[in-house]
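As structure tokens, the structure follows; a few thoughts come after it.
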Amino acid sequence: MKGNHCEIAICRMTEADLDEILAIENGSFPLPWNRDHFLDELKSVHAFPLVAFDPEENVMGYICPRLLFDEGHILNVAVNRAFRGCGVGRHLVERVLRDCREGGADTVSLEVRPSNHAAISLYRQLGFVETGRRRNYYENGEDALLMDFTFENDEVDNAV
């Protein structure tokens with residue numbers, strides 16, 4: 001499954017996807033979201049959770065963004081360990097950036113653990129910049145880095 005490229009289809013998340021999503025969530029985070037967290041995202045008028053599927057319709061990863069007025073925010077993103085390194089996370093974040101821009105966003109923000117070097121590297125490659133830090137944000141006392149992507153007229157068309 002690993003490699004430089006995998007076939008990826010990105011679709012809106014549905015309740016039918018949650019068993020696979022919860023398995024990825026539980027294997028990715030020390031304090032994972034539960035089913036109710038995802039159900040809340042599915043019901044929210046501001047949320048548009050997305051899922052990446054492989055050609056056999058296995059869940060490769062997911063992302064939970066929100067768009068409120070002119071601000072997008074990524075609340076949660078994870079990729080199945082079997083598909084890490086295939087560009088799944090990049091495709092999901094790029095799709096969110098496109099959708100937020102089309103929805104009128106000026107910025108997209110997120111929080112990330114300083115210890116998550118792979119995610120930070122990806123976000124920087126995509127144009128996110130560190131804007132601050134939330135002290136003791138995570139359950140283990142780790143800080144969160146605040147990162148923002150700001151849409152710049154023509155630059156986004158080339159980047160996303």
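Around the Cα centre of the chain, unit charges on the Cβ atoms of Lys, Arg, Asp and Glu (plus for the first two, minus for the last two) sum to a dipole of about 480 debye. Taking the range 100-139 and a reference point 7 angstrom along Cα→Cβ of Asp40, the backbone N atoms nearer than 17 Å belong to 111, 138-139.
Surface composition of the chain: carbon plus sulfur atoms contribute 46% of the solvent-accessible area (1.4 Å probe, protein chains only, all chains present). Normalised Debye scattering of the chain at q = 0.09, 0.11, 0.17 Å⁻¹ gives log10 I(q)/I(0) of -0.27, -0.42, -1.07, counting only Cα atoms as equal scatterers and leaving out solvent.
Modelled spin labels at Arg12 and Arg90, positioned 7 Å past Cα toward Cβ, are 2.8 nm from each other.
The values are calculated or read from the model by the stated rules, or taken from the named source; none is laboratory data. As the structure is a computational prediction, the values presented were derived from the model and not from experiment. Reconstructed Cβ throughout: ideal geometry from the backbone, glycine too, with neighbour counts over all protein chains shown. Heads up: the accessible areas ignore ligands, DNA and RNA and are worked out on the full protein's heavy atoms, side chains in. Shrake-Rupley method; radii C 1.70, N 1.55, O 1.52, S 1.80 Å.
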